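Down below is the structure, laid out as structure tokens.
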Amino acid sequence: MKRTFTAVLLIGGVGVGMLLWGAAVPASADGGSQAALTVAATTAAMGDSPHAYVGSSKCKKCHMKQNKSWKKTKMGNALETLRPGVKADAKKAHGLDPTKDYTTDATCLKCHTTGHGHEGGYFIPDAGDKKALKKAGKLAGVGCESCHGPGAEYIKVFEDIQKNKRKYDVKELYSVGLTKMDAKACTNCHNETSPTYDASKPFDFDSMKDTDTHEHIPLKQRD
Ligand code: HEC
Ligand code: HEC
Ligand code: HEC
Ligand code: HEC
């Protein structure tokens with residue numbers, strides 16, 4: 001499974017990147033449907049979710065506590081790790097260049113940001129473009145959607161659940177992009193393609209499942 005995914009990424013990488021750059025302009029200018037069309041085609045090729053990312057701040061108004069605690073986690077700040085000089089010893093130990101700026105390296109951004117390379121996902125902002133910097137900032141680090149899935153569609157269902165104070169069956173959310181929490185939700189990134197992965201300590205989902213994610217509030221409306 002993992003192997004197939006990686007192979008598709010490698011083969012599709014260049015084409016996907018170009019398509020996304022093409023889509024990035026209209027998408028940020030007017031959120032046009034051309035972007036949606038282009039991305040539907042590219043994500044299908046990647047065998048991934050067809051839904052778009054919206055950024056962690058969109059979840060905040062209904063999940064304040066999760067947001068506040070997540071912000072302090074290492075994963076929440078994973079983009080910082082890619083800056084020159086940060087975690088220099090760890091970089092040296094794994095054959096990475098501690099003086100290099102890895103924040104523009106797509107191979108790292110894939111796991112250190114939210115949805116890089118997908119519609120609505122993290123993009124590299126122009127240093128002088130304040131609006132772009134702000135928008136990209138909401139997708140920095142391992143965000144809510146990195147684990148829970150791209151939110152554009154399921155967020156609408158949550159809005160309805162909230163508004164009508166109704167019970168819900170979680171399956172209605174899975175069908176529009178919410179990720180079921182299983183090993184894959186973590187091992188998409190916690191795998192041997194991470195340059196710092198310690199193969200002698202493989203990621204064990206059952207014991208790690210909920211380490212360093214966020215504070216939890218018991219669910220009341222889930223059926
Ligand atoms: C989008 C990629 C991605 C996903 C998905 C992901 N992680 Fe991570 N994780 C990272 C990155 C990147 C780091 C390193 C953060 C840093 O130090 O910059 C990390 C670090 C961690 C750490 C180490 C933090 C510490 O305190 O030392 C734990 C624990 C962890 N992740 C658990 C999980 C669990 C559990 C899941 C699934 C529920 C998960 N991760 C899903 C990318 C991911
Ligand atoms: C496949 C996903 C993935 C990719 C690609 C990736 N990382 Fe990470 N990174 C992680 C995860 C997961 C962690 C947490 C530790 C671990 O399991 O490797 C991490 C942790 C780190 C750490 C902290 C290690 C520590 O001991 O605190 C550094 C530094 C780092 N990554 C740099 C990079 C750089 C630079 C790149 C690009 C050249 C990169 N990573 C690409 C997933 C990834
Ligand atoms: C590194 C992965 C990861 C990230 C990032 C993450 N979560 Fe979670 N989240 C989890 C896990 C694991 C659970 C527990 C799920 C379970 O037990 O089935 C969870 C549970 C939840 C729940 C259920 C109620 C609760 O509090 O347990 C909500 C709501 C939630 N997350 C919202 C968010 C929001 C909002 C963000 C961003 C601010 C976020 N999550 C970021 C992994 C993550
Ligand atoms: C309009 C409010 C609202 C927004 C915005 C929102 N949610 Fe929720 N979410 C809810 C409600 C309400 C529940 C059910 C809470 C309960 O049962 O107590 C919920 C539940 C969840 C659950 C638990 C699902 C389950 O049953 O396992 C997760 C995970 C979650 N939200 C993640 C997110 C993420 C990620 C985002 C942003 C992309 C987000 N939510 C945005 C209102 C919202």
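Every number in this text was worked out from the coordinates using simple rules, so none of it is lab data. Note that the structure is predicted; figures quoted are calculated from it, not measured. Counting neighbours? That spans all protein chains shown, and the Cβs are built from the backbone with ideal geometry, glycine included.
The lysines whose alpha-carbon is closer than 26 Å to the alpha-carbon of Lys131, local same-chain residues fewer than 8 away aside, are Lys58, Lys60, Lys61, Lys68, Lys71, Lys72, Lys74, Lys100, Lys110, Lys156. Note on Lys163: aspartates and glutamates with a C-alpha under 18 Å away, same-chain residues under 8 apart excluded, are Glu153, Glu172, Asp223.
Estimated from the Cβ-Cβ distance and a Förster radius of 30 angstrom, the FRET efficiency linking Lys134 and Ala90 is about 0.55. Using the Cβ-Cβ distance between Glu80 and Lys180 with R0 = 30 Å, the FRET efficiency computed as 1/(1 + (r/R0)^6) comes to roughly 0.55. The label point for Asp105 and the one for Thr187, both projected 7 Å from the Cα toward the Cβ, are 2.6 nm apart. Counting Lys and Arg as +1 and Asp and Glu as -1 over every other residue whose Cβ lies under 12 Å from the Cβ of Lys74, the net charge comes to +1.
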